[in-house]
Amino acid sequence: MASTPQNNTNNSWQQTLLDWTAKQGRILTDEGKAIEHYCSERGFPFASNELPHYHLERGDSHEVFHCWAAEAASSSSCADQEEQSPIVGAWSRPLFTGTWEHSTDNEETVYNIQARSLFIDLRIATSKPVSRWEKLYVERRLSSSRQAFEVMSDEDLRLYARQHVFAGYSVISREKSSNNRMSNKLPLCTRHHCIDWNYVNNKPRPRPNKWYIEGRNSNGNTPFHTWKEWSYATDENGQCYYREKWERISGDELGQGLRLAMRKKKKQLSSDAILVAVGDHFNYIVGRESLDLHTRYRDASNTVELVDLALQNGDRDTAISHLSLAGGHGTISSGWKIDCALQPWHHGKSVFDCLLCNSSCNEEVRVIGNDSAGCMAWEVVLGNDSWDVYECSLSRDELQQPL
């Protein structure tokens with residue numbers, strides 16, 4: 001969990017935190033040169049439907065993702081499914097390195113929960129003043145995130161914006177040849193985002209979130225305990241321009257035990273939401289309450305830029321509207337309690353308190369359907385909302401018990 005930094009007269013921790021998102025971007029894109037590296041002229045072509053926000057912007061991600069999940073579920077054997085999804089599990093990220101910069105798990109807490117279909121990737125800077133904001137929430141006797149944002153200073157809102165969570169569907173593939181020497185031996189992952197902290201309308205990422213998976217285990221086989229993520233395209237020297245090292249978190253049952261991935265059904269004027277659990281670990285994400293106000297700042301290419309611009313113009317409503325996205329991590333053994341979240345005042349709460357946005361947390365959770373039809377035909381009812389099940393290792397009755 002992120003912690004409160006010590007007092008520092010020169011405010012160096014604030015400057016470090018304010019630069020956190022920008023630094024992550026510099027590492028990921030080779031200081032903005034990824035657009036030049038990742039292009040057909042250099043042997044790295046891509047289709048528009050590979051772009052991370054393609055289905056989000058088309059508004060068809062519910063239908064497309066559910067279709068992909070159904071196709072994956074029809075695989076003939078467990079071995080086939082494991083080959084299709086070699087990174088199922090709960091993962092931490094001890095190292096993220098690029099051409100000239102790097103960050104480690106001393107700088108950010110990362111929980112990347114990947115099922116065979118849906119994923120949620122949570123990244124929170126450790127310099128975030130968590131205790132200060134938790135104390136503010138308690139001392140002011142606040143009851144909602146909106147109230148917390150309204151009493152936070154402009155500077156606190158800017159600091160709060162420097163974090164990240166995104167969710168969607170991971171498609172695993174193989175490529176026979178490309179200009180990357182890894183293409184003949186390693187699987188590829190292309191991630192499609194449907195909820196994304198960094199996304200602002202009409203400013204999608206211009207290149208696919210596509211990378212090679214290099215796994216390592218003591219016996220040389222899956223399931224991996226450690227793996228490396230290598231950029232799909234290479235730089236002018238023929239080298240991958242970024243790399244991430246991922247390590248399995250204890251308690252995820254090697255991705256071979258409990259698995260649950262579900263998404264709230266599409267509903268007008270309702271926030272999108274996803275819950276993914278593997279082993280004892282779960283991540284959750286709930287989309288923004290409003291996206292209408294962003295149009296005032298069309299120069300903003302991501303949430304941090306939009307929040308900064310809005311606050312410079314005294315427009316706290318727009319800034320707060322983009323900070324309303326919720327997300328976090330917890331464990332099932334704790335009673336589905338949250339232990340790390342974008343909103344630190346959610347720590348210790350049940351995840352269902354956060355998912356039941358407009359309902360009483362005491363309402364019954366119901367699973368509708370029968371085992372013979374398969375989990376993708378089930379419907380989970382949480383309060384006033386219905387959820388689609390993308391995958392579940394439990395029977396219908398077993399699922400209803402832990403929920």
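The values are calculated or read from the model by the stated rules, or taken from the named source; none is laboratory data. The model shown is predicted, which means the values in this text are computed figures rather than measured ones. Because the Cβ atoms are built from the backbone with ideal geometry, glycine has one as well, and the counts that use them run over all protein chains shown. To get the accessible areas, we keep the full protein, side chains included, count just its heavy atoms, and leave off ligands, DNA and RNA. Shrake-Rupley method; radii C 1.70, N 1.55, O 1.52, S 1.80 Å.
Counting the residues of segment 250-271 that are at pLDDT below 95 and either under 14 Å from the mean Cα position of the chain (by Cα) or of a type in the set (Asp, Glu) (or both) gives 0. When segment 153-178 is limited to residues that are small (Gly, Ala, Ser) and under 14 Å from residue 319 (Cβ atoms), the one that is surrounded by the fewest Cβ atoms within 10 Å (Cβ to Cβ) turns out to be 153.
Of all the residues in segment 143-163, those that are of a type in the set (S, T, N, Q) and either within 20 Å of residue 23 (Cβ to Cβ) or part of a loop (DSSP other than H, G, I, E, B) (or both) number 4. Scanning segment 22-65 for residues that are in contact with a Gly (Cβ under 9 Å, 6 or more places away or on another chain) and among the small types (Gly, Ala, Ser) returns 25, 32, 61. Just to be sure before I move on: is residue 90 over 28 Å from residue 32 (Cβ atoms) and in contact with a strand residue (DSSP E or B) (Cβ under 6 Å, 6 or more places away or on another chain) in the structure I sent? Yes: the conditions hold for residue 90.
Number of residues in segment 258-285 that are open to solvent by less than 10 Å² (accessible area, probe 1.4 Å) and either hydrophobic (A, V, I, L, M, F, W, C) or without any contact (Cβ under 8 Å) to a residue 12 or more places away in the chain (or both) equals 11. Looking across segment 227-257, the residues that are open to solvent by 40 Å² or more (accessible area, probe 1.4 Å) and in contact with a strand residue (DSSP E or B) (Cβ under 8 Å, 6 or more places away or on another chain) come down to 228, 230, 243, 245, 247, 253, 254. Out of segment 314-323, which residues are at pLDDT 95 or above and either at positive phi or polar (S, T, N, Q) (or both)? Across segment 314-323, the qualifying residue is only 314.
Here the condition is being hydrophobic (A, V, I, L, M, F, W, C) and out of contact with any Phe, Trp or Tyr (no Cβ under 7 Å at 6 or more places or on another chain); of 186, 118, 159, 122, it holds for 159 alone.
For segment 40-52, taking the residues that are touching a residue at least 12 places away in the same chain (Cβ under 8 Å) and out of contact with any Pro (no Cβ under 7 Å at 6 or more places or on another chain), the one that is farthest from residue 305 (Cα to Cα) is identified as 43.
Check whether at least one residue in segment 77-89 is within 20 Å of the chain's Cα centre (by Cα), under 20 Å from residue 285 (Cα atoms) and either of a type outside the set (A, V, I, L, M) or at pLDDT below 95 (or both), and report yes or no. Checked against the condition, which is being within 20 Å of the chain's Cα centre (by Cα), under 20 Å from residue 285 (Cα atoms) and either of a type outside the set (A, V, I, L, M) or at pLDDT below 95 (or both), segment 77-89 yields at least one hit.
Residue 181 falls short of the stated requirement of being of a type in the set (Lys, Arg) and surrounded by 19 or more Cβ atoms within 10 Å (Cβ to Cβ).
You will find that of 108, 150, the residue that is open to solvent by less than 30 Å² (accessible area, probe 1.4 Å) and modelled with pLDDT of 95 or more is 108 and no other.
Pairs only if they're at least six apart or on different chains, beta carbon under 8 angstrom, first in segment 231-251 and in contact (Cβ under 8 Å) with a residue 12 or more places away in the chain and on the phi > 0 side of the Ramachandran plot, second assigned to a strand (DSSP E or B) and not basic (Lys, Arg); list them, first residue then second. Here the result reads 251/90; 251/281; 251/331, each pair linking segment 231-251 to a residue that is assigned to a strand (DSSP E or B) and not basic (Lys, Arg).
Among the residues of segment 39-62 satisfying the criterion of being assigned to a loop (DSSP other than H, G, I, E, B) and touching a Ser or Thr at 6+ places or on another chain (Cβ under 8 Å), which is surrounded by the fewest Cβ atoms within 10 Å (Cβ to Cβ)? Applying the filter and picking the extreme gives 43. The set of residues in segment 233-276 that are assigned to a helix (DSSP H, G or I) and among the hydrophobic types (A, V, I, L, M, F, W, C) contains only 254.
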